[in-house]
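Please read the structure below before turning to the comments.
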């Protein structure tokens with residue numbers, strides 16, 4: 001019997017898993033196969049969320065339980081679009097495909113010295129301490145006393161916290177072993193976080209700020225005046241928390257976090273490695289859209305540092321065989337229907353997008369649930385209106401496209417073997433898990 | 001007394017779907033949702049039914065008498081951030 005709707009979801013991060021769960025719930029006969037380029041699912045919930053926030057990772061297990069409970073869900077890990085399979089292969093097997101592979105690259109600063117030794121994307125550091133196979137083998141030299149993080153979103157605050165927390169507070173977490181070892185030897189005593197605009201426009205959330213206030217052994221300096229006028233209640237709360245931090249007397253702690261605003265990096269200085277960061281001082285002016293915008297005052301300052309992390313946003317890369325909007329770094333879409341710029345922006349039949357690949361890198365984990373729901377609504381409407389395009393020719397058996405990647409495929413059982421192994425490795429030390437650091441190790445475990 | 005959402009909140013909104021008295025904001029269909037740092041429970045509207053705490057995928061909602069002392073601030077923040085929102 002041919003089921004009514006077979007969907008391939010590409011990417012097993014929060015947006016892909018939320019989409020899979022929503023599809024399975026709303027279409028009683030839909031069959032959903034979720035693909036990921038890594039053996040293990042979770043995306044940034046696994047490799048972005050910081051180790052001391054691991055409670056948030058539970059959302060993946062909830063999605064897993066809901067998807068599995070349907071009996072109509074399969075997982076195909078370690079399968080990369082453009083390598084083991086192509087969009088055309090998906091067309092032969094599925095009525096629809098939903099792309100949710102996120103924004104894996106980082107935005108660059110575009111300033112001189114950006115590639116000096118000691119200058120890193122924050123995403124690489126986060127991937128490293130979270131044991132992402134792409135980053136686990138990197139090296140971070142933490143022998144400098146001061147580190148600077150450019151950008152002040154939650155990722156920037158995570159990086160600062162990992163650098164400043166006593167390593168003993170991280171030993172019970174799922175942080176990578178190699179990161180624990182390096183952090184134990186770290187000489188970093190001060191982290192300066194730079195924001196281009198003012199405190200009211202800062203990108204971090206109130207809970208992250210509240211958490212900073214509870215850090216033991218870390219003094220927090222909030223530099224500059226805090227504005228009285230606010231745009232909304234959320235901003236008012238963040239400013240109130242900043243004010244409390246600012247008024248707190250210094251305890252003379254050994255480690256220090258500095259929140260600096262109205263500051264743009266102009267150049268990273270050094271002969272063969274980072275020695276200083278030239279910072280331009282900004283003021284706020286009203287932009288054409290009414291939003292406050294940073295404008296250089298002409299004043300600059302050199303801040304001595306051996307370590308610079310850029311944390312100014314993620315960026316999606318084009319997917320092979322699909323249209324791409326290089327300006328916004330998303331798949332061009334309307335409500336999640338992928339549009340084809342070469343055919344007057346008409347919807348590309350059977351192609352959908354969700355998450356950061358759809359709307360750009362914004363929001364928190366759950367923002368993707370609503371985003372994915374909108375896409376699933378479009379997909380289901382098209383399915384019932386007969387707008388998905390030609391029906392797939394192949395059957396529901398393990399797709400032929402997977403035969404080619406058979407030696408590297410990690411299916412649901414394989415993933416669970418990795419999951420159990422990681423938990424077993426962590427248990428003796430009272431940790432939720434101790435992760436496998438390479439795809440090779442994961443494959444060995446999955447096949448074991 | 002009322003239930004309290006704490007800073008671990010990921011805006012999953014499963015709590016909003018199950019709340020029988022529409023006490024949790026911003027809802028996904030409210031304008032503030034997309035930019036909300038987290039979700040909040042209006043203590044004036046909450047009826048202590050526990051549905052939200054059961055629905056939360058990550059355990060970010062506490063019964064009023066079970067809120068850990070170090071998270072006490074969130075009781076006030078939930079009240080503050082839902083003030084003026086019609087229940």
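The values are calculated or read from the model by the stated rules, or taken from the named source; none is laboratory data. The structure displayed is predicted, hence computed values, not measured ones. Glycine gets a Cβ as well: all are built from the backbone with ideal geometry, and neighbour counts include every protein chain shown.
Reported count of residues in the range B:33-42, each being buried (at least 21 other Cβ atoms within 10 Å of the Cβ) and within 12 Å of another protein chain (Cβ to nearest Cβ), is 5. Applying the set (1) over 21 Å from residue A:384 (Cβ atoms); (2) in a loop (DSSP other than H, G, I, E, B); (3) away from every other protein chain (no Cβ under 14 Å) to residue A:28 leaves exactly one unmet item: (1). Evaluated against (1) crowded, with 19+ Cβ neighbours inside 10 Å; (2) within 14 Å of chain A (Cβ to nearest Cβ); (3) more than 13 Å from residue A:364 (Cβ to Cβ), residue B:72 falls short on exactly one condition, (1). With respect to the numbered conditions (1) farther than 19 Å from residue B:79 by Cβ; (2) facing another protein chain (nearest Cβ under 10 Å); (3) in contact with a helix residue (DSSP H, G or I) (Cβ under 6 Å, 6 or more places away or on another chain), which one is the sole condition not fulfilled by residue A:242? Here residue A:242 meets the rest and fails (2). Taken together, the residues in the range B:13-37 that are in a loop (DSSP other than H, G, I, E, B) and out of contact with any helix residue (DSSP H, G or I) (no Cβ under 6 Å at 6 or more places or on another chain) amount to 14. Among strands (runs of 3 or more DSSP E) entirely within the range A:58-145, having at least 3 residues that are at pLDDT 95 or above and either closer than 26 Å to residue A:335 by Cα or touching a helix residue (DSSP H, G or I) at 6+ places or on another chain (Cβ under 7 Å) (or both) singles out A:73-77, A:96-99. Filtered by the rule that a residue be more than 17 Å from the chain's Cα centre (by Cα) and in contact (Cβ under 8 Å) with a residue 24 or more places away in the chain, the range A:315-327 gives A:319, A:320, A:321, A:322, A:323. Looking at (1) on the phi < 0 side of the Ramachandran plot; (2) modelled with pLDDT under 95; (3) over 22 Å from the mean Cα position of the chain (by Cα), can you tell me which one residue A:362 breaks? Tallying (1) on the phi < 0 side of the Ramachandran plot; (2) modelled with pLDDT under 95; (3) over 22 Å from the mean Cα position of the chain (by Cα), residue A:362 fails exactly one: (3).
Residues in the range A:297-316 that are surrounded by 13 or more Cβ atoms within 10 Å (Cβ to Cβ) and out of contact with any helix residue (DSSP H, G or I) (no Cβ under 8 Å at 6 or more places or on another chain): A:300, A:302, A:303, A:304, A:305, A:306, A:307, A:308, A:312, A:313, A:315. Taking the listed residues A:334, A:346, A:385, the one that is more than 23 Å from residue A:86 (Cβ to Cβ) and out of contact with any helix residue (DSSP H, G or I) (no Cβ under 9 Å at 6 or more places or on another chain) is A:385, with no other qualifying.
Annotation: of all residues in the range A:208-236 being touching a residue at least 24 places away in the same chain (Cβ under 8 Å) and in a helix (DSSP H, G or I), the one that is nearest to the chain's Cα centre (by Cα) is A:208.
For the range B:1-18, the set of residues classified as farther than 23 Å from residue A:155 by Cβ, more than 9 Å from the chain's Cα centre (by Cα) and either crowded, with 22+ Cβ neighbours inside 10 Å or within 11 Å of another protein chain (Cβ to nearest Cβ) (or both) consists of B:14, B:17, listed by residue number. Among the candidates A:150, A:188, the residue that is within 20 Å of the chain's Cα centre (by Cα), at pLDDT 95 or above and closer than 21 Å to residue A:220 by Cα is uniquely A:150. In the condition set (1) within 11 Å of another protein chain (Cβ to nearest Cβ); (2) under 24 Å from residue A:314 (Cβ atoms); (3) in contact with a strand residue (DSSP E or B) (Cβ under 8 Å, 6 or more places away or on another chain), residue A:193 is compliant with all but (1). Can you find, within the range A:385-411, the residue that is farthest from residue A:352 (Cα to Cα) among those that are modelled with pLDDT under 75 and loosely packed, with under 14 Cβ neighbours inside 10 Å? Among residues in the range A:385-411 that are modelled with pLDDT under 75 and loosely packed, with under 14 Cβ neighbours inside 10 Å, the one farthest from residue A:352 (Cα to Cα) is A:397.
All of (1) more than 10 Å from every other protein chain (Cβ to nearest Cβ); (2) closer than 25 Å to residue A:214 by Cα hold for residue B:45 with one exception: (2).
Filtering the range A:348-384 to residues that are touching a strand residue (DSSP E or B) at 6+ places or on another chain (Cβ under 9 Å), free of Cβ contacts under 8 Å to residues at least 40 places away in the same chain and away from chain B (no Cβ under 14 Å) leaves only A:348.
Residue-wise test of (1) within 12 Å of chain B (Cβ to nearest Cβ); (2) under 26 Å from residue A:383 (Cβ atoms).
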| residue | (1), (2) |
| --- | --- |
| A:45 | yes, no |
| A:52 | yes, no |
| A:84 | no, no |
| A:89 | no, yes |
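For the range A:55-68, which positions are under 19 Å from residue A:7 (Cβ atoms) and either within 14 Å of chain B (Cβ to nearest Cβ) or within 19 Å of the chain's Cα centre (by Cα) (or both)?
A:63, A:64, A:66, A:67
Regarding the range A:218-232, can at least one residue be identified that is in contact with a helix residue (DSSP H, G or I) (Cβ under 6 Å, 6 or more places away or on another chain), within 14 Å of chain B (Cβ to nearest Cβ) and farther than 26 Å from residue A:109 by Cβ? Yes: the range A:218-232 contains one or more residues that are in contact with a helix residue (DSSP H, G or I) (Cβ under 6 Å, 6 or more places away or on another chain), within 14 Å of chain B (Cβ to nearest Cβ) and farther than 26 Å from residue A:109 by Cβ. Here's a check for you: in the range B:70-87, which residue that is modelled with pLDDT of 95 or more and over 13 Å from the mean Cα position of the chain (by Cα) is farthest from residue A:207 (Cα to Cα)? Of everything passing the filter in the range B:70-87, B:72 is farthest from residue A:207 (Cα to Cα).
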